[in-house]
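Just so you know, all these numbers are worked out from the coordinates, no wet-lab data involved. Given the structure is predicted, the values throughout are model-derived calculations rather than measurements. All Cβ positions, glycine included, derive from the backbone under ideal geometry; neighbour counts span all protein chains shown.
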Amino acid sequence: MNVLVTGGAGFIGSHTCVTLLQAGHAVIVADNLCNSKSETVEKIKLITGKELIFYQIDVTAETEVHRIFASHPIDGVIHFAGFKAVCESVEKPLAYYYNNTVSTMLLAKCCLQYGVKKFIFSSSATVYGENRVPFAETMELLPAANPYGETKVISERILKDTARANPAFAVSLLRYFNPVGAHESGLIGESPQGIPNNLMPYITQVAAGKLEKLNIFGDDYPTPDGTGVRDYIHVTDLAEGHVSALDQLSEGVHIYNLGTGAGTSVLQLVKAFEEANGIKVPYEIVSRRAGDIASCYADAAKAKRELGWTAKRGIIDMCRDAWLFEKSLSS
Ligand code: NAD
Ligand code: UDP
């Protein structure tokens, strides 16, 4: 298939491009590099030994997006492009609503106009809000605590309504849990700008001596050790989930959790990182972070049953590969 990958230079998009190319698909990337670098595109080519087409464009820009659809016979779209920082979304709600929903609408509109029948969307476990864990696809969505989460709920709704009105349009809504790790080559990974918000990149920067210590946000949650529990998933497993979803996508709307189904606490992740890499990660327990929930992990049964996909890599692999990538940044 010819696959248009928006946000393909980003963290999850770049790993998915690698997996798509290795599976024999042709890839067109559209990314404005607002949170990524063009070097990543070169590294995707280096890892796979294959070519891809790269457009540095904004996927909310109608003329440019039309030009891509008019120039290539596209079979499917995987839409990763978007803003993703929860705290920033509270400060800049309009930027988040605009970027994340206008891009979805424009791409869906182009799909209908140019006869592209397959659409895969990057959603998030954040749409489950404070439902009871494990989160299952059948659960009613609860209002998200921030504009970022709302952009995912709204985009899902836009795509569901579009598919309902256009029965030949096939949509897969993939709800990611906590993607971490990096490609096993250490060539591509997650490199947040400034001080990281997320746990794994914070840990790797502490381990590298770039930050003094990890602040653990609360140890009084109703979890086994009191620290927050999340379902960490290796980014390569997540990438493979996209290829499975694309290969098996049929008419209608299909929703899948992409997680491992296992919860890991902050303290367990710190210990796993220390064990995997033989490095101490100094930490301090501080107060809870506003907006955090105690536990978030997937019921991963549906993706296994319907797509035959399960995450293969464990916490130690995630910690090892995240550290390998961090080390590559300073060498
Ligand atoms: P990322 O920031 O690394 O990648 C997003 C890419 O999209 C970047 O390369 C950025 O330059 C590009 N982009 C953003 N707006 C654009 C626009 N208007 N036009 C063109 N390019 C644009 O983020 P990621 O972690 O790879 O996330 C990818 C998707 O997955 C996002 O939609 C995100 O909301 C979703 N998601 C991420 C996580 C996570 O923890 N990383 C969890 C759940 C869902
Ligand atoms: N966390 C932490 N210190 C940090 C960053 C995160 O203790 O510097 C905790 C956070 O409270 C949550 C878990 O690590 O329990 C995962 O947080 P992350 O931001 O990576 O993911 P999310 O909360 O979006 O699932």
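Please work out the C-alpha center-to-center distance from segment 55-115 to segment 248-322 and express it in whole Å.
What the calculation gives is 27 Å, centre to centre.
Output the relative contact order of segment 246-303, whole-number percent, from Cα pairs under 8 angstrom with separation of 6+ residues. Present the calculation step by step, with values, prior to reporting the outcome.
Details: 30 pairs, mean separation 35.3, N = 58.
Relative contact order comes out at 61 percent.
Straight distance only, please: which aspartates and glutamates reach the Cα of residue 45 with their own Cα at less than 19 Å, same-chain residues fewer than 8 apart left out?
31, 184, 190, 240
In what sequence do 90, 153 fall when counting other Cβ within 10 Å, fewest first? Walk me through the numbers on the way to the answer.
On the way: 90 15, 153 18.
In order of increasing Cβ crowding within 10 Å: 90, 153.
Please list, by residue number, every one of the trypsin sites (Lys or Arg not before Pro) in segment 290-329 that is coil in DSSP and has at most 12 other beta-carbon atoms within 10 Å. Working shown, then result.
Values: sites: 302, 304, 305, 312, 313, 320, 327; in loops: 312, 313.
Those satisfying the criteria are 312.
Under 18 Å between alpha carbons: how many lysine pairs meet that in segment 183-331, if sequence neighbours fewer than 8 apart on the same chain are excluded?
Counting lysine pairs in segment 183-331 gives 9.
Using 0.36 nm per residue, how much length does the chain from residue 33 to residue 91 gain when fully extended, once their Cα-Cα distance is taken away? Could you put the intermediate results ahead of the total?
On the way: separation 58, 0.36 × 58 = 20.88 nm, distance 2.14 nm.
Residue separation times 0.36 nm, minus the Cα-Cα distance, leaves 18.7 nm.
Taking the alpha-carbon distance from residue 109 and a cut-off under 18 Å, which aspartates and glutamates remain once sequence neighbours fewer than 8 residues away in the same chain are dropped?
Cross-link targets: 58, 62, 64, 75, 156, 161, 251.
Report, in degrees rounded to the nearest 10, the 0 to 90 angle that the Cα long axis of helix 266-277 makes with the longest principal axis of the chain.
90 degrees
Report the net charge of residues surrounding residue 175, where surrounding means a beta-carbon distance below 13 angstrom and charges are Lys +1, Arg +1, Asp -1, Glu -1.
Once positives and negatives cancel, what remains is -2.
Around residue 229, what is the net charge, scoring Lys/Arg as +1 and Asp/Glu as -1 over all other residues with Cβ under 15 Å from its Cβ? Please report the intermediate quantities before stating the final value.
Numbers: positive: 132, 230, 271, 288, 289; negative: 130, 219, 220, 225, 231, 292, 299.
In short, -2.
Among 126, 260, 138, which one shows the biggest mean-square fluctuation in a GNM of the chain, springs joining Cα atoms closer than 10 Å?
Among 126, 260, 138, the largest mean-square fluctuation in the Gaussian network model of the chain belongs to 138.
So which residue, out of 254, 234, 242, gets the largest mean-square fluctuation from a GNM of the chain using Cα contacts under 10 Å as springs?
Top of the fluctuation ranking is 254.
Could you grab the relative contact order for the chain? Cα pairs under 8 Å, six or more apart, rounded to a whole percent. Spell out each step's value before the answer.
Values: 676 pairs, mean separation 61.5, N = 331.
Relative contact order of the chain: 19 percent.
Expressed as cubic angstrom per residue, what is the convex hull volume of the alpha carbon set of segment 58-187? It would help to have the intermediate numbers written out before the result.
Working: hull volume 18.7 nm³, N = 130.
Per-residue hull volume (Cα only) is 144 Å³.
Let a ≥ b ≥ c be the square roots of the eigenvalues of the Cα gyration tensor of segment 45-111; is it rounded (a/c under 1.5), or, if not, prolate (a/b larger than b/c) or oblate?
Values: a/c = 2.66, a/b = 1.47, b/c = 1.81.
Because a/c hits 1.5 or more and a/b fails to exceed b/c, segment 45-111 counts as oblate.
Based on the Cβ-Cβ distance from residue 132 to residue 112, what FRET efficiency comes out when R0 is 35 Å, to the nearest 0.05?
Efficiency at R0 = 35 Å is approximately 0.40.
Need the list of lysines near residue 84 for cross-linking: C-alpha distance under 20 angstrom, and skip anything on the same chain fewer than eight residues off.
Straight-distance partners of residue 84: 37, 92, 152.
At 222 nm, what helix-only mean residue ellipticity would the chain give, in deg cm²/dmol to the nearest 500, using -39500 (n - 2.57) for each DSSP H run of four or more? Write down the numbers at each step before the final one.
Numbers: 11 runs with 125 residues, N = 331.
About -11500 deg cm²/dmol.
Compute the convex hull volume of the Cα atoms of the chain, divide it by the residue count, and report the result per residue in Å³ as a whole number. Mind dumping the intermediate values first?
On the way: hull volume 40.4 nm³, N = 331.
Spelled out: Cα convex hull of the chain, divided by residues, is 122 Å³.
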